[in-house]
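A short reminder: the numbers here are calculations on the coordinates, not readings from a lab. Keep in mind it's a predicted model, so treat the numbers as computed, not measured. We place every Cβ from the backbone using ideal geometry, glycine too, and count neighbours over all the protein chains shown.
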Amino acid sequence: MMKSFWKFGVATVLFAMLIAMASVGLRSAEAAEPPKNAAAAADEGLVRAQRASSVDVTIYGNRFAQIEETRRVHLQAGDNRILLDGIAAHYRPDSLRVVDAKLVRTNVLNPKSANPAAGGPKAFSYLSATYRPANLTPDKLLAGSVGKRVTIKNASGAGSADIEGVLVNITGGMAVIQTDDGKTSILPAYNATLASAPKGLSNTAALVLEVWAAVEGDYDLNFLYDTDGITWNAKHSLIYDDEKSNVESWESSVAIDNNSGTTFEKATVRLLSSSVADAGGEGKMYRAGPMAESAGLRDASVESVGDQKSYTLPGEVALVEGQSRQVPLFRAANVPVKREYYIASDNGYYRTGKQEVSIRLEVDNCEAKNLGKALPSGSVKIYQRNKAGKLQLTGSARIGHKAVDEIFQMVIGTSSDIKWERLLVDRQEVASPNGAGAAGPKTGRAAPAQPNNEEVWELKTYKFVVSNFKRDRDVEVVIEVYFPTNQTVGAPWKLKDSIEQARTTLSVPKSGQSEVKLSVKERVR
């Protein structure tokens with residue numbers, strides 16, 4: 001009996017000792033286990049979305065751009081965290097909008113149970129989003145690898161074995177490594193090799209979305225956001241034939257500068273004309289609508305979106321970060337224009353001596369004149385051919401947004417062969433048109449002092465002298481004079497657009513000169 005009890009007692013003690021040893025070993029193992037990295041814990045369960053299957057970039061002049069993408073991502077039933085990398089570095093805070101998320105593939109036997117249209121629960125819910133700047137750096141790689149196996153090259157000298165083990169800590173570029181034999185080494189971390197890259201790191205900015213899905217499966221996530229750093233400018237290039245008053249080639253293009261911090265591959269690019277209200281960085285979402293105007297095979301299509309014009313560039317365009325890309329908008333040929341030599345003069349202060357006559361082209365933007373395009377605001381370059389047929393830049397201008405069927409003018413430069421001069425040839429005091437304070441003529445000298453309560457008027461006569469140094473043709477020059485509303489003019493001058501502008505046309509023979517006088521009655525006091 002005692003012998004059996006003794007055997008049972010020994011066995012019990014041995015069993016208790018084994019449990020205690022195992023318990024100590026377990027605690028030792030737990031103590032030896034490196035601490036979990038906070039960044040790694042934060043990225044646990046993070047699922048990376050695929051690359052965008054479609055990208056739409058809408059650029060609002062020099063203000064901002066709206067990016068719309070569709071990406072596929074596999075979600076589990078319940079809560080999920082999605083990494084959307086490749087987001088623009090100049091992302092505007094709080095501009096994300098999740099437009100839609102469609103369940104496209106699942107292994108669930110009855111996926112319709114998650115379809116709201118079929119009476120089931122909502123299939124997808126967007127909960128929140130966090131913006132992350134680009135974080136794929138050596139420091140972030142090492143910080144995200146705490147608790148994982150790494151290999152660091154031993155800098156002790158040639159033939160020294162590399163140190164391999166678990167990264168316990170990283171501070172100030174120094175790595176603490178626990179090797180398999182239980183030793184701890186402190187080494188410079190600049191020559192570390194990682195077994196695998198930590199999750200959640202990206203060389204571009206990213207968004208982390210928290211969402212809820214009803215069923216497991218593949219979802220097509222459609223979202224949009226705003227970014228700074230993408231701008232566009234229109235440029236118009238014209239080949240002009242002066243003798244025929246014809247633009248033989250009209251080419252419009254856009255220069256797109258992408259400094260957003262990311263590249264957009266195979267993007268559908270839309271350009272919005274005019275200005276769009278920019279309330280606190282929130283852009284407006286524009287969807288493609290019915291085409292308002294026809295386009296050529298490779299011309300940009302144009303549509304009206306509210307009161308704005310939207311130009312969609314032909315094909316898919318790659319907008320590479322840090323690059324400027326020129327893309328054609330549309331072309332036109334044989335556009336008849338009206339060339340006009342003109343003089344614009346102010347009746348107040350004016351320059352003395354000979355000046356060059358200005359040149360402007362009048363354009364009728366209609367289909368009957370082979371144009372009929374909604375023209376975006378931009379610079380205009382005028383090229384003409386020399387005798388050898390080579391193109392030379394001879395003028396430039398800038399136009400605002402031009403509507404279809406609008407008639408507009410472009411001032412393209414001055415003529416070196418046609419010059420004008422304005423001279424004051426007579427000045428005399430005259431009776432007031434109101435019948436007060438009439439005085440005799442005082443030609444060529446200042447009017448005498450008058451009581452402060454009397455009106456003083458003068459009649460001034462100017463002479464415009466226009467010289468045409470062209471030897472091959474006569475020219476007509478339009479003279480426009482702007483003057484205050486308390487002045488009057490007489491023939492051959494006529495009021496043009498308002499009572500503040502007088503206009504006349506002067507014919508000037510080749511290698512000759514013509515002149516016209518302008519008499520202006522003005523109140524001087």
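Listing for the model above:
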item	result
Cβ-Cβ FRET estimate between Lys381 and Tyr482, R0 fixed at 30 Å, reported to 0.05	0.55
Translational diffusion coefficient (Stokes-Einstein; Kirkwood radius from C-alpha pairs) of region 325-433 at 4 °C, 1.567 mPa s, in µm²/s	75
Ranked by how many other beta carbons lie within 10 Å on average, peptides 50-58, 505-513 from highest	50-58, 505-513
Hypothetical label at Asp472: residues of region 346-388 whose amide nitrogen lies under 18 Å (7 Å Cα-Cβ projection)	383-388
3J(HN,Hα) from dihedral phi, region 415-432, Karplus parametrisation 6.51/-1.76/1.60, rounded to Hz, x for glycine, proline	9, 7, 9, 10, 10, 9, 8, 10, 10, 8, 10, 7, 7, 8, 7, 10, 5, 5
Per-peptide average of other Cβ atoms within 10 Å, ordering 175-184, 404-413 highest first	404-413, 175-184
Charge context of Ala129, other residues only, Cβ under 13 angstrom, K/R +1, D/E -1	+2
Per-residue ³J(HN,Hα) for region 500-511, Karplus 6.51 cos²θ - 1.76 cosθ + 1.60, θ = phi - 60°, Hz, x for Gly and Pro	9, 9, 10, 9, 8, 10, 10, 8, 10, x, 4, 6
